[in-house]
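The structure appears right after this line, and notes come after that.
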Amino acid sequence: MMKYGMHRMIGKKKTLRRWVVGGLAALACVGMLAGCGGSRSGNPDVLKVGVTNFADTLEPTENYFAWVVMRYGIGEALAKFDKEMKPVPWLAKEWSVSKDHMTWTFIIDEKATFSNGKPVTAEAVKASIERVFAKSNRANTFFTYDTIQADGQTLTIHTTTPVPNMPGLLADPLFLIVDVQAEKDGRNFAKEGPIATGPYRVVSFSRDKAVVEANPNYWQGKVPFKTIEIPSIDDPNTRAMALQSGEVDMAVNIGPGELPMFKENSAYKVHEIDSLRVVVARLNQRGIFKDPNVRAALISATDRKSYADVLLKGTFSPGKAPIPPSLDFGFNELTDPNSYNPERAKQLLAEAGWKDTDGDGILDKDGKPLHADFVIYNSRAELPIFAEGVQADARKVGMDISIKTVDYNLIDKIGIDGDYDLLISNIVTANTGDPQMFLKWYWGTNINGSNPQNGSGYSNPTYDAKLAEMAASFDPTKRRRLAIELQQILLDDSAALFLGYPKTNIVNAGYLDNVEMFPSDYYWITSDIAYRK
Amino acid sequence: MVVRIGKRLVQLLITLLGVTFITFSLTYMAPGDPVAMLLETGDTIISQDVVEQTRHELGLDRPFLVQYGSWLGHALTGDLGMSYSAKKPVVDKMAEAFPGTLLLATTSIVLMLLIAIPAGVMAAVYCNRWLDYILRAVSFIGISMPTFWLGLVLLYVFGYKLGMAPIATATVSLANVMLPAITMAFTLASKYMRQVRLVVLEEMNKEYVIGARARGMTERAILWRHIFPNACLPLITILGLSFGWLLGGVAVVEMVFAWPGLGKMAVQAITMRDYPLLQGFVLWAALAYMSINMLIDVSYSLLDPRLRKGGHS
């Protein structure tokens, strides 16, 4: 019955032809519709920048949304970080500090204006800083103040405790300067964006796309682009493709897979810099790594250059010390006693009494194999790669390492409890340009939770004494020297395995000039970026 | 009919209550701390005091049942709370993402129907002939292909190589929706085409088709006036469920195309452990899915005269 019916239908070849033609026509329509949206950047007044954005509003005191306000060229602070993370003048043209480091005086640049044309006076800056303290519970973690006084262009901050690095603290995007009066007059900073002092001001903003336009009142001169469109493109492949197709003129953080392609193509410029982060394997000093020789052997066994250059395709710099080379804390002056040397690693283990008595390739002592658990999480793609590299290298010198993957959110507790042999971490070292807190929290002797992140049990009285000396010192040169000495102690003690420093990048089309990359990651869009003339 | 709808509404409410409770419990039990995620966003070392203070501000230091009760109480008044990560009302956040999802869902379904119905009917009509084999092979490939990969290939070909479509405009418009919708439509159509083929084949074997032929009706008339309307009924169920599913957002495609929709929003909510936003999303997804399911049930009796008159098929 079915065959009969079908037979008759199959006979209708004309019908089939019509179907095929109809289908092709439909596809063509779809193609044409899709074609309607095709666009190529090239309008000299418009810049397009592909980013990843985490902010839902532009209220600078909420979460870390101020980063976005600064990255998009909307907001500026009293100071900014230079390429070595040293604070340099921005809205404040100079500053000074009293001998007791409790009174900081900033002179606000008299040329500075908000995007609504109003001058940036010390009074306006005072209101802006007070607003931050009123709205954000993070403000108190930077410093606490008794009074803030404003007189003309002179701003004086009296702090409750000595503050060695106030310009660095006020360079944090949280303290970008906004016109508080504009908010009182009815402007909704969250929805419309703040009135600030940057080269661009907000036209529209959503998490997925921002549009900013030139600030006609910009205090540092004419702004090169009339409009900047900033789509948030989360998928790294798509972001790279948008740059290749010319749909965006520059893109932030191109993935390791695509970066070489842009490096090899002269039509693009790649700006790459070590970030402020370090990937470190913390070593628990109580278990198998109690013996400094075993710690030193593990560190010597790891070929960190290969991890960075080969396994991670150059998106990391090889690790050596706690503080990355992007910061001026003596990276090149430090000597790593445990630089890559597998033969030395073997020798150290032999000296510590480890031998392979049962011939299984794993050393043992007193009937126990040389085994360690390496706790990692994999929400950062590079961490398992580092861990596997360490595992393979350790095996070559007779050390057996098991990788245990846990959820990122458990890492903090494991770190505090010291429930590991090795624990991977990706840590920021100096977001305000100063590494004191980082060096203290992770390696200062932990007495009743005084340095909670130091669950490794590492303790060295000399190290603690130098930390105390650093806390009491306000001379930048001396603080730098102390930071170098502290790092050298950690290296000499084989306190941890510093695996590498992630690089961040911006890639732009060759026709753009003056795109710059900073380790602090706060300055993407600046008034300097322009089409090449 | 009214009683039936009433019963379904009660069922819907009970299910929604269960869904929200389970989601709340799971997010509560799952490892992860929204406070840690919020503070991790920035490259800052944060003291325990700030962590505790933030936890208190978000009400996360209260017992589980108190938190759920409070959320439910507010939800009943239409207030789904504040998103932790977005710092804006969940309803506003979802309202922002909804137009994107609605446009993507509608366009995908329309394109899917344009592909699947002709292809499915042709495959049935030319059953076990070369055209059927080709269509089945294409649908097999469509089902097997991961959507993100297909999306990237389409972006590469139409966006990058041919420059016909925008790659990542991150704005909702009919022109921008085409590539993500084609990606979704192709995957959906690959499954749907097989269903169409199956039900049309089934109908073609029924006696009324022979009767129609005996009365001298043309094959085209039999196919479109008799076979196809009868085949539509089971297809509507699948169509409705697909639409309900699409209204919950399609995370993978939305991420690849930087398309601002509910799926992308949900992924971000999960990453950030943004409980209120996640709850709001799950509530919406369950509501959309079940409401459409209910509408389909009701529409059966309207579409099928046999059911409407209480007759038997």
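Quick notes
- Output for region B:1-47, where each listed residue is surrounded by 15 or more Cβ atoms within 10 Å (Cβ to Cβ), at pLDDT 70 or above and among the hydroxyl-bearing types (Ser, Thr, Tyr): B:THR20, B:THR23, B:THR27
- Of all the listed residues (A:THR161, A:THR147, A:THR156), the sole one being within 23 Å of A:PHE81 (Cα to Cα), free of Cβ contacts under 8 Å to residues at least 60 places away in the same chain and more than 14 Å from chain B (Cβ to nearest Cβ) is A:THR156.
- Only one of B:ALA221, B:ALA231, B:ALA168 that is facing chain A (nearest Cβ under 9 Å) and either farther than 30 Å from A:ASP56 by Cα or outside any helix (DSSP H, G or I) (or both): B:ALA168
- Candidates in region A:498-517 are the residues that are surrounded by 22 or more Cβ atoms within 10 Å (Cβ to Cβ) and aromatic (Phe, Trp, Tyr); of these, the one that is farthest from the other protein chains (Cβ to nearest Cβ) is A:PHE498.
- Residues being touching a residue at least 60 places away in the same chain (Cβ under 8 Å) and within 30 Å of B:LEU278 (Cβ to Cβ) are entirely absent from region B:195-209.
- Restricting attention to region A:406-462, the residues being out of contact with any Asp or Glu (no Cβ under 9 Å at 6 or more places or on another chain), under 14 Å from A:LEU283 (Cα atoms) and polar (S, T, N, Q) number 4.
- Within region A:420-429, if we keep just the residues that are in a loop (DSSP other than H, G, I, E, B) and modelled with pLDDT of 90 or more, the residue that is nearest to the other protein chains (Cβ to nearest Cβ) turns out to be A:TYR420.
Yes or no, residue by residue, for (1) at pLDDT 90 or above; (2) touching a Leu at 6+ places or on another chain (Cβ under 7 Å); (3) within 11 Å of chain A (Cβ to nearest Cβ):
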| position | (1), (2), (3) |
| --- | --- |
| B:ALA124 | yes, yes, yes |
| B:ASP132 | yes, no, yes |
| B:PRO146 | no, no, no |
| B:ASN176 | no, no, yes |
| B:ALA185 | yes, yes, yes |
| B:ARG194 | yes, no, no |
| B:LEU198 | yes, no, no |
| B:MET204 | no, no, yes |
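- Near pairs, Cβ below 6 angstrom, 6+ apart or cross-chain, from region A:426-455 (β-branched (Val, Ile, Thr)) to any residue that is in a strand (DSSP E or B): A:ILE427/A:VAL278; A:VAL428/A:ARG277; A:THR429/A:VAL278
- Selection status of B:PRO276, under 30 Å from A:ASP234 (Cα atoms), touching a Lys or Arg at 6+ places or on another chain (Cβ under 8 Å) and buried (at least 17 other Cβ atoms within 10 Å of the Cβ): no
- Looking at A:ASP151, A:ASP146, A:ASP185, A:ASP234, just one residue is among the charged types (D, E, K, R) and crowded, with 17+ Cβ neighbours inside 10 Å, and that residue is A:ASP234.
- Residue match in region B:90-109 (condition: of a type in the set (Lys, Arg) and assigned to a helix (DSSP H, G or I)): yes
- Count - residues of region A:368-379 that are out of contact with any Lys or Arg (no Cβ under 9 Å at 6 or more places or on another chain) and under 30 Å from A:ARG344 (Cβ atoms): 5
- Within region A:496-528, tally of residues that are of a type outside the set (A, V, I, L, M, F, W, C) and assigned to a strand (DSSP E or B): 8
- Residues within region B:137-171 that are surrounded by fewer than 16 Cβ atoms within 10 Å (Cβ to Cβ) and within 23 Å of A:ASP249 (Cβ to Cβ), tallied: 3
- Being more than 10 Å from chain B (Cβ to nearest Cβ), surrounded by fewer than 23 Cβ atoms within 10 Å (Cβ to Cβ) and either touching a helix residue (DSSP H, G or I) at 6+ places or on another chain (Cβ under 6 Å) or of a type in the set (Phe, Trp, Tyr) (or both) is a property that A:TYR218 has.
The values are calculated or read from the model by the stated rules, or taken from the named source; none is laboratory data. Since we're looking at a predicted model, the values are computed, not measured. Methodologically, a virtual Cβ is constructed for each residue, glycine included, from the backbone with ideal geometry; neighbour enumeration extends over all protein chains shown.
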